[in-house]
Amino acid sequence: MKKKILLFPFLVFVLVLSIFFYLLLIERNPSKIPSNLINKSFPVFEAESLITNKKVVSSDIFENKIILINFFATWCKPCRDEHDFIMQLSNKKNLKIFGINYKDNSKKTQVWLEDLGNPYSDVLIDKNGKIAIDWGVYGIPETFIVNSKGIIKYRHTGPITKKIYKKIYALIEEAN
Amino acid sequence: MKNKKKLLVIISFFFVVFFLNFSFAVEPDEILENKKQELRARNISKNIRCMVCQNQSIDESNAPLAKDMRILIREKIQDGKSDKEIYKFLSDRYGDFILLNPPIKLKTLALWLLPFVFFLIGIYIIFNQNKKFKKS
């Protein structure tokens, strides 16, 4: 009887330990918060365009194409790091990339885009961070993929690395 | 003896500092003139997690995103939105994680019920041991 009682906590201990090991081994970052907007339609918002200086309504930019939304700012170093990958993605047909310039200086952004290249079809200004809150953004850079039906399919927090670039590339191919 | 007194003073100082945690981050330019509305905003802010620092409410956090959210909450209150609508607006965008009090849902049931289950198991074990002890 006593042996049986001791066996039970031991088994529980092994179970808990194996769960911890499993969580350690799988690829996951606990500080990353999953987006609540996946499989939902994109938020409706209005913003001024940095390029045309005109007002843009979000429904105008979604025209049956796959869309990549990238929140960026010139003051954000990781945004600069991922810029090359976004440039590469801009060569892709059937994909439109929109930049959302988060709490930034418009003049600096224009210079930045001239220096590094402009991968965006349009850049929308988010002066006070309200558009970012609408998209559930909590730290830039953040990148979203919206399918041709206007449904958000993917969100990545942090800079696009080679690995993430491949993932995004595959997702766009899949959506096509 | 002197050292003991000193130690006591130091310990009580930390004790007071630890329990008098009145810190909040609301800046003067954010505060609404209507006191009732301001109180509502403060109450909501205390229940909203700062997504950047994650273990602070936006009421206590100095992160820029927390400030944006505090301003947004005040704007929504001024627009006549109810507390429920404001909580929903934020949790629709950031998920239930943004609420410092997780709602009771099928997904969070274990979170709410397990403490009671463990409590009952604990009581059962204590009673059982007591019985055995008395018998012996």
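Data for the structure
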item: Kirkwood hydrodynamic radius (C-alpha pairs) into Stokes-Einstein, the protein assembly as shown, 37 °C and 0.692 mPa s, D in µm²/s; result: 140 µm²/s
item: Mean Cβ neighbour count within 10 Å, used as a protection proxy, ranking B:77-86, A:105-114 highest first; result: A:105-114, B:77-86
item: Neighbour-count ranking [beta-carbon atoms within 10 angstrom, fewest first] of A:Arg80, B:Arg70; result: A:Arg80, B:Arg70
item: Contact order relative to length of segment A:30-175, as percent, for alpha carbon pairs under 8 angstrom and 6 or more apart; result: 33 percent
item: Sparsely packed chymotrypsin sites (Phe, Trp or Tyr not before Pro) within segment A:1-94, loop by DSSP, other Cβ within 10 Å at most 15; result: A:Trp75
item: Cross-link table A:Lys92/A:Lys163; B:Lys84/B:Lys105; A:Lys107/A:Lys130; A:Lys54/A:Lys149, entries beyond 22 Å C-alpha to C-alpha; result: A:Lys54/A:Lys149
item: Bins of 10 Å from zero: percent of alpha-carbon pairs in segment A:30-175; result: 11, 47, 37, 4, 0
item: Under 5 Å, built H, 5+ apart or other chain: amide partners of A:Tyr154; result: A:Ile145
item: Derived scalar couplings ³J(HN,Hα) [segment A:90-107; Karplus, 6.51 cos²θ - 1.76 cosθ + 1.60; whole Hz; x for Gly, Pro]; result: 5, 7, 6, 6, 6, 10, 10, 10, 10, x, 10, 7, 8, 6, 10, 8, 4, 5
item: B:Ile125, A:Ile125 arranged by Cβ crowding within 10 Å, fewest neighbours leading; result: B:Ile125, A:Ile125
item: DSSP H segments from chain B that extend 20 Å or more along their own axis, Cα-based, with Kyte-Doolittle mean of -0.5 or above; result: B:2-19, B:64-78, B:109-135
item: Max mean-square fluctuation residue, GNM over chain A, Cα-Cα springs under 10 Å, options A:Val16, A:Val44, A:Val123; result: A:Val16
item: Other-chain or far-sequence residues with amide H under 5 Å of A:Ile97's (modelled H); result: A:Leu68, A:Ser121
item: Residues with amide H under 5 Å from that of A:Val56, placed H, sequence gap 5 or more; result: A:Ala47, A:Glu48, A:Ser49
item: Debye intensity ratio I(q)/I(0), log10, segment B:97-136, q values 0.19, 0.20, 0.25 Å⁻¹ (C-alpha model); result: -0.63, -0.66, -0.81
item: Cβ-derived FRET efficiency at R0 22 Å, A:Val16 paired with B:Phe127, nearest 0.05; result: 0.30
item: For segment A:116-121, 3J(HN,Hα) per residue [Karplus equation, 6.51 cos²θ - 1.76 cosθ + 1.60, θ = phi - 60°, Hz, x = Gly/Pro]; result: 9, x, 10, x, 8, 5
item: GluC sites (Glu not before Pro) lying in DSSP loop within segment A:8-56, provided at most 11 other Cβ fall within 10 Å; result: A:Glu27
item: Using alpha-carbon coordinates, inclination of helix A:162-175 to the longest axis of chain A, degrees; result: 80 degrees
item: Chain A - mean residue ellipticity at 222 nm from DSSP helices (-39,500 (n - 2.57) per run, n ≥ 4, rounded to 500); result: -12500 deg cm²/dmol
item: Evaluated at q = 0.15, 0.26 Å⁻¹: base-10 log I(q)/I(0), Debye formula over Cα of segment B:19-100; result: -0.47, -1.39
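Readers should treat all values here as calculations from the given coordinates under stated rules, not as data from a laboratory. These numbers were taken from a predicted model, which means no experiment stands behind them. Glycine also receives a Cβ, built like all others from the backbone with ideal geometry; neighbour counts cover every protein chain displayed.
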